[in-house]
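Read through the structure below, which is laid out as structure tokens, and then see the notes.
The values are calculated or read from the model by the stated rules, or taken from the named source; none is laboratory data. In this text, all values refer to a predicted model and were calculated from it rather than measured experimentally. Cβ sites come from the backbone with ideal geometry, for glycine too, and all protein chains shown count toward neighbours.
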Amino acid sequence: MRGKTMKFVRAFLIVILIKAILIFPSALASKGEFFDFNGVWEGHIKGFHAPLLRNERTHVFKTRLWVKGDEVQVFYHKDQKWNEVKAGAFRIFKHKSNALIYAINSGTDQDGVWVETWSFSVTKKDKNSLLVYWYSVINNVDAPLEEDYSRIATGASGVFRKIKS
């Protein structure tokens, strides 16, 4: 009897192992799709107010993210057209269901030197939507601290839909 039981247990374990081998690749494929950020993502981010942030609660920004591998572009919609933001400056760091899309640059204008950071922290809500948190910080290095525009932080959040693969 013990020999028959052991044979049954072995056969049962082999069947389970074969099923696991057959099912596992499809499970990996679905995770891979869930972790894939490639495509065009579009949505509205609404400004919010928090300590040390400029009060942007009334602003809503229509934004588009274009992702292909390690390439990323950011666009905003204004005056019936899409305008690229910081062309060539954005980078993406991905980890499973989350990604950080960011750009840091600087320049000079009538007020002197400025340094600006844009960051989109995103996570997959499902395979076709992203939860998005955007913030921007600007340091107008040469502007007096008492000026409102000398140091600026702005934040917004929203949900983006995948409009193109």
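Does residue 149 satisfy the criteria of being surrounded by 15 or more Cβ atoms within 10 Å (Cβ to Cβ) and not β-branched (Val, Ile, Thr)? I'd like the intermediate steps shown before the answer.
Working: surrounded by 15 or more Cβ atoms within 10 Å (Cβ to Cβ): no; not β-branched (Val, Ile, Thr): yes.
Criteria not met by residue 149.
Search the range 80-135 for residues being in contact (Cβ under 8 Å) with a residue 60 or more places away in the chain and outside any strand (DSSP E or B), and hand back the single one that is farthest from the chain's Cα centre (by Cα).
Selected residue: 127.
Out of the range 145-165, which residues are modelled with pLDDT under 95 and either farther than 19 Å from residue 49 by Cβ or not in a strand (DSSP E or B) (or both)?
Within the range 145-165, 145, 146, 147, 148, 149, 150, 165 meet the criteria.
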